[in-house]
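Visitor: Here you go, one structure.
The values are calculated or read from the model by the stated rules, or taken from the named source; none is laboratory data. Remember, predicted model here, so these are calculated numbers, not experimental data. Neighbour counts are summed over all protein chains in view; Cβ atoms, including those assigned to glycine, are modelled from backbone coordinates with ideal geometry.
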Amino acid sequence: MKLRHQQVVLLGGTSGIGLATAEAALAAGASVSVVSSRSERVAKAVARLGDRVKGYTVDLNNESAVRALFGQIGAFDHLIYSAGDSLRSGALADMDLATVRQIFELRVFGAIAAVKHAAPYLRPGGSVVLTSGIASLRPQKGWAALASVCSANEGLTRALAVELAPIRVNLVSPGLVRTPLWDDLPELEREALYAASGAALPVGRVGEAGDLAQTYVYLMTNRYATGQTIIVDGGGVLV
């Protein structure tokens, strides 16, 4: 078991890709802490994941709360940041700056605060894995804010890999994945999106959370990988 006797902290670990990564880390031998701003999600995830799991309810937009979280957890080995709210897009002309700032808040500033306050507690040989998306590589109309968020996290990853060395810092960049982030869409519209998008991909389907989870485990366990962005998108950037 590649993660045996290691502790993994997952911010955004109670649903979607984060929850699947928690399951994969447990299967690899780790103990796990999952963190979310929603207490009901934390309770549900802990009940599902079992004995080697602790859950914490924390507002990840609150830096003081994030600082206190890591003081409570203490020393650990790997930080996974996959927190994200529902995906919002739209023409820049139709978005006010407050909305754009809100998109950045959890996905960029939340990640920065998490790494800042987690770093002193990471054990030697530890790692950080952040999360982005392919919007920076294949932006579509209305994706200016999303593409900017993804690009920011890619630059952040490379800078942190230098600043925090020898702690390793990497990034997973998913394509379209079937997760609760899309639940704001009506079910019929959502399933039509999955079907049409999947048919256009070289692999013939959209991603599942478990497809991404293995990438996070790989980056936690590969001790020679740092500063890298790993794209897992079914070939989406190719077509």
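Visitor: Checking residue 124 against (1) in contact with a strand residue (DSSP E or B) (Cβ under 7 Å, 6 or more places away or on another chain); (2) over 26 Å from residue 97 (Cα atoms); (3) in contact (Cβ under 8 Å) with a residue 40 or more places away in the chain: exactly one of these is not met. Which one?
Guide: Here residue 124 meets the rest and fails (1).
Visitor: Filter the range 168-186 down to the residues that are part of a strand (DSSP E or B) and charged (D, E, K, R), then identify the one that is nearest to residue 114 (Cα to Cα).
Guide: Taking the range 168-186 as the starting set, the residues that turn out to be part of a strand (DSSP E or B) are 168-174, 177-178.
From the residues that got through so far, the ones that are charged (D, E, K, R) too are 168, 178.
Values: 168: 15, 178: 25 Å.
Among residues in the range 168-186 that are part of a strand (DSSP E or B) and charged (D, E, K, R), the one nearest to residue 114 (Cα to Cα) is 168.
Visitor: So residue 176 ticks every box in (1) farther than 16 Å from residue 81 by Cβ; (2) out of contact with any strand residue (DSSP E or B) (no Cβ under 8 Å at 6 or more places or on another chain); (3) crowded, with 20+ Cβ neighbours inside 10 Å but one. Which box is left unticked?
Guide: Failing condition for residue 176: (2).
Visitor: Let me ask you something else. Right, residue 88: touching a residue at least 12 places away in the same chain (Cβ under 8 Å), touching a strand residue (DSSP E or B) at 6+ places or on another chain (Cβ under 8 Å) and surrounded by fewer than 19 Cβ atoms within 10 Å (Cβ to Cβ) or not? Can you show your working first?
Guide: Numbers: touching a residue at least 12 places away in the same chain (Cβ under 8 Å): yes; touching a strand residue (DSSP E or B) at 6+ places or on another chain (Cβ under 8 Å): no; surrounded by fewer than 19 Cβ atoms within 10 Å (Cβ to Cβ): yes.
Spelling it out, it is not the case that residue 88 is touching a residue at least 12 places away in the same chain (Cβ under 8 Å), touching a strand residue (DSSP E or B) at 6+ places or on another chain (Cβ under 8 Å) and surrounded by fewer than 19 Cβ atoms within 10 Å (Cβ to Cβ).
Visitor: Would the range 210-222 turn up any residue that is outside any helix (DSSP H, G or I) and modelled with pLDDT of 95 or more? Even if it seems obvious, please write down each step before you answer.
Guide: Taking the range 210-222 first, the residues outside any helix (DSSP H, G or I) are 222.
Subsequent filtering for residues that are modelled with pLDDT of 95 or more retains 222.
Checking the range 210-222: at least one residue is outside any helix (DSSP H, G or I) and modelled with pLDDT of 95 or more.
Visitor: Being in a loop (DSSP other than H, G, I, E, B) and either modelled with pLDDT of 95 or more or surrounded by fewer than 14 Cβ atoms within 10 Å (Cβ to Cβ) (or both) is the requirement here; does residue 165 meet it?
Guide: Working: in a loop (DSSP other than H, G, I, E, B): yes; either modelled with pLDDT of 95 or more or surrounded by fewer than 14 Cβ atoms within 10 Å (Cβ to Cβ) (or both): yes.
Yes; evaluated as a whole, the condition is true for this residue.
Visitor: Still on this structure: If a residue must be among the aliphatic types (A, V, I, L, M) and within 17 Å of the chain's Cα centre (by Cα), how many such residues does the range 27-58 contain? Spell out how you get there, then give the answer.
Guide: To start, the set of residues in the range 27-58 that are among the aliphatic types (A, V, I, L, M) comprises 27-28, 30, 32, 34-35, 42-43, 45-47, 49, 53, 58.
Of the ones still in play, those that are also within 17 Å of the chain's Cα centre (by Cα) are 32, 34-35, 42, 45, 58.
The number of residues fulfilling the criteria is 6.
Visitor: Let me ask something additional. Filter the range 93-104 for residues that are surrounded by 14 or more Cβ atoms within 10 Å (Cβ to Cβ) and of a type outside the set (Phe, Trp, Tyr) and give the result. Even if it seems obvious, please write down each step before you answer.
Guide: Within the range 93-104, the first condition is being surrounded by 14 or more Cβ atoms within 10 Å (Cβ to Cβ), and the residues that meet it are 95, 100, 102-104.
Residues satisfying the conditions are 95, 100, 102, 103.
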